[in-house]
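One structure below.
Coordinate-derived values only; no laboratory data. On a predicted model such as this, the values are computed, not experimentally measured, just so you know. Don't worry about glycine lacking a Cβ; one is built from the backbone with ideal geometry, like all the others, and counts go over all protein chains shown.
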C-alpha cells in the first residue's frame, strides 16, 4: 500500500513539474511571438483594406473597442477605421469582423463606402476552413458578390445568379456552412457598426 502511494506521489510530482515547464515554455513563446503575430495582422489588415478601398490613401482609427454582439451573449470588440483620400476626404470605412466558421474562427476585413450604404468588399484576415471547400470564401468569384451589395441584411441562397449584385449571396457549392458563416458574421457587424457611426455623428459628414 505504502509502495503504491510512494509511486503515485513520484508520478504526480513528475506530472506537476512537466506541466509547469510546458506552461512556462508556452508563456515564453507567446511573449516572444505575440507582438510579431499582432504586427503581421496589422500589416495584413492594412493591405486588405487598401486593396478593397482603392481610393484610400490612409486609414485613421475613429473608434476603438466598439462592442459587437455576435449572439449567445458573446460580445467582441473591434476598431473602426476611416479611409481617407490624399485630400483628406472620407472614402469609406474598414473594420475587422469575426465569428465561427465550419472548422474554426473566421476573421474578415470588411470595407464599406463613405455613406455606409454599399459594401466595398471583404478580405479574409484569418481562416482555417477546409481546403478545396470552405477556404473558397477567399476566392474572387465568391467575394465579388459582396462588392457593391447593400450595407444591409444579407441573405444566403443555394441557387441564383452570382453575378447579380444585391443582398442575395449565392453559396459556394460544397461549402454552404462556410458561406453561411461569412454572411452571418457580416450581418452581425454591418447593422451594429452603422448604428455606432450614426450615434457618434460620423456618417453625417464623413469627418
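A compact table of results
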quantity: Residue order, fewest to most beta carbons within 10 Å, for 74, 105; calculated: 74, 105
quantity: Rg to Rh, two decimals, where region 156-207 supplies the alpha carbon set and Rh follows Kirkwood; calculated: 1.16
quantity: Cα pair distances in region 42-199, grouped into 10 Å bins until the bin that holds the longest one, percent each; calculated: 11, 43, 36, 9, 0
quantity: Beta bridge orientation in region 102-207: antiparallel %, DSSP, nearest 5; calculated: 70 percent
